[in-house]
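The values are calculated or read from the model by the stated rules, or taken from the named source; none is laboratory data. What you see is a predicted model; the values in this text were computed from it and never measured. Neighbour counts are summed over all protein chains in view; Cβ atoms, including those assigned to glycine, are modelled from backbone coordinates with ideal geometry. These accessible areas exclude ligands, DNA and RNA; they are computed on the full protein's heavy atoms, side chains included. Shrake-Rupley method; radii C 1.70, N 1.55, O 1.52, S 1.80 Å.
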Amino acid sequence: MEPSIENYIKNLVRDAILNLQFQNDRQTYVIANWKMNKTIAEASEFFQNLNGRQDVNIVVCPPAPLLYPIQLIIEQFKKPIGLGGQNVHWEEKGAYTGEISTEMLKDVGCEYAIIGHSERRQYFLEDDAAINGKVKKALKAGLIPILCVGETLEEKNLLQTEQVLSRQLFGALKDIETSQLIIAYEPVWAIGSGQSATADLAEQTHAYIRSVLERVLGKRAESISILYGGSVNGENAADYSRMPNIDGVLVGGASLNAASFDEIIDVFAKGEPNK
Ligand code: PEP
């Protein structure tokens, strides 16, 4: 065999093995974004009723005042659940009224932080540079960013989805070299609207997101979990779970009720229910 052909084949095999190794590192997540909902009593009732599972990563992101009470509640009920903030600031500390630092999140037991949710982009005018600062700060502090990206209905109708996602990903991941993060694809038109993206459309978009991640981070992109978010419920969750590039879901409305959140968890869990 000609040396150039031999090298070409060797490289193909090496890349395939590398891809498989990184794919095997990919975790499945079911993450709740409670937004501005629930009191301590309501959160306590939720966790009392939630079965939860060991065989899938469950994360709950409640409003900031509930983080510490929930940390105590999940310890008391011995629930295998991770805790995340819904936002975090890019500075260490200081005169930023109303903001929350990475240290504060870690102090109350958080391992994750949602960053760049479309509601924060829309209502609090967070841009790609601010989001990049937050992702960097979270990573430095050892928090796992759950970076949200997604196009608006107008952008979708103008066929700009890929352009928007590419801008958001390159912007948020500028000067970042690690793959220790989670991406959530949340089309803005699907959030809270009851109009979820079809599993086929979501899969196609996730594959595109992975190709952009590969341009930013190389082969390591294979190990990044990409979650779908936008009107996920117990009925449509199974469709997403069958897709190779959909590694779980970020759930708003349907995560507020323990029974409906459990239904989604059961879809993504691998083993038998631990009821
Ligand atoms: C969200 O806002 O992150 C979300 C996915 O909301 P919902 O599930 O209610 O569409």
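Listed values for region 173-182 are Karplus-derived 3J(HN,Hα) couplings in whole Hz (6.51 cos²θ - 1.76 cosθ + 1.60, θ = phi - 60°), namely 9, 4, 6, 10, 10, 9, 9, 7, 8, 10, and x replaces Gly and Pro.
Report, in listed order, any pair from 106/174; 134/270; 78/270; 93/270; 38/174; 35/140 with a Cα-Cα distance greater than 31 Å. The answer is 134/270; 93/270; 38/174.
Quick one, what does Rg over Rh come out to for the chain if you take C-alpha atoms and the Kirkwood Rh? Don't jump to the answer; show the numbers that get you there.
Numbers: Rg = 19.0 Å, Rh = 19.3 Å.
Using Cα coordinates only, the ratio equals 0.99.
Dividing the helix sum by the residues of the chain, where each DSSP H run of 4 or more adds -39500 (n - 2.57), gives a mean residue ellipticity at 222 nm of -13500 deg cm²/dmol. Using Cβ point charges alone (K and R +1, D and E -1), the dipole size of the chain about the Cα centre works out to roughly 460 debye. For the chain, what is the accessible area per residue in Å², given a 1.4 Å probe and the full set of protein chains? With the other protein chains kept in place, the chain gives 49 Å² per residue.
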